[in-house]
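A.B. asks: Have a look at this one before I ask anything.
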């Protein structure tokens, strides 16, 4: 079955809200055994849409599905989720959603527009560098939320200018994200690319992702971990990743275990961190394999004033950041991090390789082999601190070395070189420093 939304009353008109027409097409196909819902060429404004089982939601070339930013167009379906991490943003709803469904795909060469440009704004508060996080105003829904969907495919579509998280999969199984473009504002807070949250059996491949926030984030948020368990068996490959945060982030929301995650053959472009691994909330992180990664990391300018909720980027140009520490003002121990493997990394970077545990949560079994790291100045700032946000330690000034360890055990670097260009020699020593002895 193939249903064109125009046959259900949709109109490509600037101020016409197509929510009802598009939802009717979705419901009709679902009720008649499944098939394809077609978005033809044109621009279509819509509020929240609920995808159903056995639907291929297909955007033809030239089609643009545009998110409303009016709060009344988004049902408050997230009110029953409680989470003490303020950056998960459950309260603002989402544009495309599916819950407890099977066999859903989003395909085609069309575009989905989240209109982030209308909620982010510049206040010239970074000394003129125009690199710092923008400020935020108004209602900003995430672009999608898929909960407990088995058999989810997203292929070839372009997600453009998301106002919050772009692809959030929670408790999903057998997920394929292939050939997708995510082109978000590179200074927009919280506009993550892809967030597998308590998901199992996920493949992310051949994607081009540009974000201000993290490109790919594997996590276990509190409500989803309780419902659906760990994030595991996740494969990321052949992607180009650009972020003012981490290209690949694991954590910080770690209420449940995260394991069996592999990333390979990816290019990292101008990101604040190539790989960041945070344990903060109790779940263990282990059996992570990162290999054949190329590119660069650099430090971006932060906001100057301290009166904004979003003040600074997380990260200062590190190639790898591994951290197990308590959150600030939270009496909860993090989980353990162990068995993390890296090989064939080739990165230009501005900040140190960091492995930072605590006496109450040491990091164990980090292996780096057949890799090369060149520390060289690329941006406008120089390395001068360690950034452990969010944690009780926060950001602190330190004398820097190429590799910095704290409460880290059984860490080895084999056939790996660390070279410091003269531009950073006064700021980073060509050595390994054990901070746990300080």
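A.B. asks: Identify, from the list 328, 301, the residue that is in a loop (DSSP other than H, G, I, E, B), at pLDDT below 95 and under 29 Å from residue 422 (Cα atoms).
C.D. replies: Numbers: 328 fails: under 29 Å from residue 422 (Cα atoms).
Exactly one residue qualifies, and that residue is 301.
A.B. asks: While we're here: Testing residue 222 on (1) over 14 Å from the mean Cα position of the chain (by Cα); (2) surrounded by fewer than 24 Cβ atoms within 10 Å (Cβ to Cβ); (3) within 22 Å of residue 292 (Cα to Cα), one condition comes back false. Which one is that?
C.D. replies: Tallying (1) over 14 Å from the mean Cα position of the chain (by Cα); (2) surrounded by fewer than 24 Cβ atoms within 10 Å (Cβ to Cβ); (3) within 22 Å of residue 292 (Cα to Cα), residue 222 fails exactly one: (3).
A.B. asks: Collect the residues in the stretch 91-107 that are surrounded by fewer than 21 Cβ atoms within 10 Å (Cβ to Cβ) and within 24 Å of residue 174 (Cα to Cα), keeping them in residue-number order.
C.D. replies: Answer for the stretch 91-107, where residues must be surrounded by fewer than 21 Cβ atoms within 10 Å (Cβ to Cβ) and within 24 Å of residue 174 (Cα to Cα): 99, 100, 102, 103, 105, 107.
A.B. asks: Do you know which of the residues in the stretch 99-141 that are within 20 Å of the chain's Cα centre (by Cα) and assigned to a strand (DSSP E or B) is farthest from residue 66 (Cα to Cα)?
C.D. replies: 135
A.B. asks: I need the full set of residues from the stretch 147-176 which are closer than 26 Å to residue 41 by Cβ and part of a strand (DSSP E or B), in order please.
C.D. replies: 152, 153, 154, 155, 158, 159, 160, 167, 176
A.B. asks: Given the structure, is residue 413 closer than 20 Å to residue 337 by Cα, over 27 Å from the mean Cα position of the chain (by Cα) and surrounded by 13 or more Cβ atoms within 10 Å (Cβ to Cβ)? Step through it out loud before you land on a result.
C.D. replies: On the way: closer than 20 Å to residue 337 by Cα: yes; over 27 Å from the mean Cα position of the chain (by Cα): yes; surrounded by 13 or more Cβ atoms within 10 Å (Cβ to Cβ): yes.
Taking the combined requirement at face value, the residue satisfies it.
A.B. asks: Can you name the condition, by its number, that residue 422 falls short on among (1) without any contact (Cβ under 8 Å) to a residue 12 or more places away in the chain; (2) in a strand (DSSP E or B)?
C.D. replies: Of everything listed in (1) without any contact (Cβ under 8 Å) to a residue 12 or more places away in the chain; (2) in a strand (DSSP E or B), residue 422 misses just condition (2).
A.B. asks: Please tell me if residue 83 is modelled with pLDDT under 95, on the phi < 0 side of the Ramachandran plot, surrounded by fewer than 18 Cβ atoms within 10 Å (Cβ to Cβ) and in contact with a helix residue (DSSP H, G or I) (Cβ under 6 Å, 6 or more places away or on another chain).
C.D. replies: yes
A.B. asks: Taking the stretch 212-253, which residues are within 27 Å of residue 131 (Cα to Cα) and in a loop (DSSP other than H, G, I, E, B)?
C.D. replies: Once the filter is applied, which keeps residues that are within 27 Å of residue 131 (Cα to Cα) and in a loop (DSSP other than H, G, I, E, B), the stretch 212-253 yields 212, 213, 214, 215, 239, 244, 245.
A.B. asks: Considering only the stretch 191-211, how many residues are surrounded by fewer than 24 Cβ atoms within 10 Å (Cβ to Cβ) and either in a loop (DSSP other than H, G, I, E, B) or without any contact (Cβ under 8 Å) to a residue 12 or more places away in the chain (or both)?
C.D. replies: Qualifying residue count for the region: 1.
The values are calculated or read from the model by the stated rules, or taken from the named source; none is laboratory data. Note that the structure is predicted; figures quoted are calculated from it, not measured. Quick reminder, even Gly has a Cβ in these numbers, built from the backbone with ideal geometry, and neighbours come from all protein chains shown.
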